[in-house]
1. So PHE27 fits all but one of (1) in a helix (DSSP H, G or I); (2) free of Cβ contacts under 8 Å to residues at least 40 places away in the same chain; (3) within 26 Å of LEU66 (Cβ to Cβ); what number is the exception?
2. Out of all the residues in the range 43-81, which are crowded, with 16+ Cβ neighbours inside 10 Å and over 28 Å from HIS30 (Cα atoms)?
3. Need a quick list: helices (runs of 4 or more DSSP H) entirely within the range 53-149 having at least 2 residues that are modelled with pLDDT of 95 or more and not β-branched (Val, Ile, Thr).
4. I'd like the residue in the range 10-24 that is under 13 Å from the mean Cα position of the chain (by Cα) and touching a residue at least 40 places away in the same chain (Cβ under 8 Å) and, out of all such residues, is farthest from TRP69 (Cα to Cα).
5. Please determine whether any residue of the range 74-84 is under 14 Å from the mean Cα position of the chain (by Cα) and not small (Gly, Ala, Ser).
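The values are calculated or read from the model by the stated rules, or taken from the named source; none is laboratory data. If you're wondering where the values come from, they're calculated on a predicted model, not measured in any experiment. All Cβ positions, even for glycine, are placed from backbone atoms using ideal geometry, and neighbour counts span all protein chains on display.
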Amino acid sequence: MEVNQVIDLSVRYFHFVGIFIMFAALFGVHLLLRPQIDKQTLKKLVVLDLVYGACALFVLAMGLALWLWVGKPSSFYNTNWILHLKVSLFVLVGIISVVPTLFFIKQRDLQAELIDVPKRIITIVRIELCMLVVIPLLAVLMAHGVGFG
C-alpha cells in the first residue's frame, strides 16, 4: 500500500470515528436533558457539549481534507449539489448548537441546586439529532452518484 492510500484511508477513518463520537456525545446530551437538572448533571452536560463541539470541528477538518486534498479531485465534488446540501446542513447544525452551549455555560455559575431547562433547549438538541441523521444519507446518495453532473 502506498503512502497516498494510507493517508486517504486514515482521513476517511478518522472522519467516520469523529462522526460517531460527535453523535454519541449529542445523544448523551439528549439523554441527560430534563425539564429540571441538578448541578452534577449540568457538569456532565458541559463536558459532553465540549466533546460534541470538539468532534464537530474535527469532523469538519477531516471532511474538508477529503474534499480538498485527499481522494478524488475537488472538482469531482465542487459541482455536486448533494455535497453542498450536506455541508450546509452540517453548518446549520453547528449554528443552532450554539444556543444549548450558551445555556450550559451561563448556568455553570448559578448557585441554584436545580436548574430549569427551557423547552426550546431540549427541542434544539432533538432537531440537531434529526439533522445529523440525514447527513449520512446524503453521503450514501453522493457515493452512489446522485447529485453529480
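1. Checking PHE27 against (1) in a helix (DSSP H, G or I); (2) free of Cβ contacts under 8 Å to residues at least 40 places away in the same chain; (3) within 26 Å of LEU66 (Cβ to Cβ), the one that fails is (2).
2. Across the range 43-81, the qualifying residues are ALA65, LEU66, TRP67, VAL70, GLY71, TYR77, ASN80.
3. It comes to 81-96, 98-108, 119-143.
4. PHE23
5. No, that holds for no residue.
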